[in-house]
């Protein structure tokens with residue numbers, strides 16, 4: 001009888017405790033179920049989402065040997081910071097050669113301009129000689145006419161007339177020679193001027209070549225194109241690189257971050273441009289980050305794959321397709337600065353038709 005009473009008191013205590021625990025668990029399950037059901041009815045979400053940033057390659061525009069590397073892996077850099085230097089001695093020699101060729105061409109221009117000026121002065125001298133020869137010819141013509149009249153009236157001998165005629169012929173020859181010399185000097189001026197145009201073209205060509213050489217020299221110093229963070233370093237000093245070779249990767253910090261969420265096609269009815277969404281990153285699950293829908297992909301992700309599906313082959317299985325949606329992060333939370341490209345995220349959107 002005493003044993004039965006002992007069991008009864010213990011059972012009452014256990015039963016009471018068990019009832020309270022069961023009640024608390026049941027209440028917690030009801031609350032959790034209610035919250036889950038509420039969220040299910042009010043929100044739609046996808047965990048197929050990743051944080052994205054612009055990650056661009058740093059490439060070389062010239063070939064050569066790496067002389068110096070001035071960045072480390074995962075280093076923050078500013079726009080214009082020097083990342084690496086390529087040995088530029090060969091390109092510097094080409095630039096010096098171009099400068100020498102340009103100076104030579106300019107010297108030729110000065111010589112040709114001097115020749116033109118000299119030929120012009122000679123032409124002026126020849127032109128003055130034409131006037132003198134013409135005056136002499138006029139005087140000899142008058143002398144011949146006078147002696148011809150004297151000869152006609154038998155006041156001068158034939159020998160005198162012939163001597164005057166010879167002098168007249170010489171004056172005519174001198175006058176014609178002066179004219180020819182003047183024309184020749186003018187032709188020489190034109191020839192010298194015509195030689196200037198090709199040399200000017202050569203100067204222009206050499207100036208362009210020198211600019212190209214200067215560009216090649218400047219390309220041997222590779223700088224950061226914008227504020228960002230460097231990725232993995234895979235090069236070493238002394239390594240030979242080629243034109244267009246990828247030397248490093250830089251993450252663009254100026255354009256910000258965004259999320260690409262792959263929503264099912266059946267979920268698109270809840271989305272529109274400007275719709276506010278809630279983002280949860282797996283790395284920081286306790287932090288809610290706000291964002292807004294920016295754009296929708298023009299096709300499903302499978303259509304952009306290397307081998308897009310062909311449903312006309314007879315092996316059709318209907319699968320809900322996913323549409324990539326670009327979401328801009330509008331929150332200024334400190335966690336946003338800690339996000340990295342490729343991090344997994346979950347995105348939830350209200351099923352309310354209005355923008356919230």
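Below, the figures for the structure above:
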{"item": "Relative exposure of 69, 319, judged by other C-beta atoms within 10 Å (fewest first)", "result": "319, 69"}
{"item": "Using alpha-carbon coordinates, inclination of helix 2-42 to the longest axis of the chain, degrees", "result": "30 degrees"}
{"item": "Neighbour-count ranking [beta-carbon atoms within 10 angstrom, fewest first] of 264, 269", "result": "269, 264"}
{"item": "On Cα atoms only, tilt of 158-219 relative to the major axis of the chain in degrees", "result": "10 degrees"}
{"item": "Segment residue 18-residue 79, length gained on full extension (0.36 nm per residue, minus Cα span)", "result": "15.3 nm"}
{"item": "The chain: angle of helix 89-152 to the longest principal axis, Cα-based, in degrees nearest 10", "result": "20 degrees"}
{"item": "Label point 7 Å beyond Cα of residue 67 along Cβ direction - residues of segment 87-102 with amide nitrogen under 11 Å", "result": "87-93"}
{"item": "Gyration tensor (Cα) of segment 89-217, equivalent ellipsoid semi-axes in angstrom", "result": "62, 8, 8"}
{"item": "Relative exposure of 329, 222, 35, judged by other C-beta atoms within 10 Å (fewest first)", "result": "35, 329, 222"}
{"item": "Using a Förster distance of 45 Å, the FRET efficiency for residue 194-residue 135 (Cβ separation, nearest 0.05)", "result": "0.85"}
{"item": "Residue of 25, 327, 58 that the Gaussian network model of the chain assigns the largest fluctuation, springs spanning Cα pairs under 10 Å", "result": "25"}
{"item": "Relative contact order [Cα under 8 Å, 6+ residues apart], the chain, whole percent", "result": "31 percent"}
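Values quoted throughout were computed directly from the atomic coordinates according to the rules given, and no laboratory measurement underlies them. Computed from a predicted structure; not experimentally measured. Counting neighbours? That spans all protein chains shown, and the Cβs are built from the backbone with ideal geometry, glycine included.
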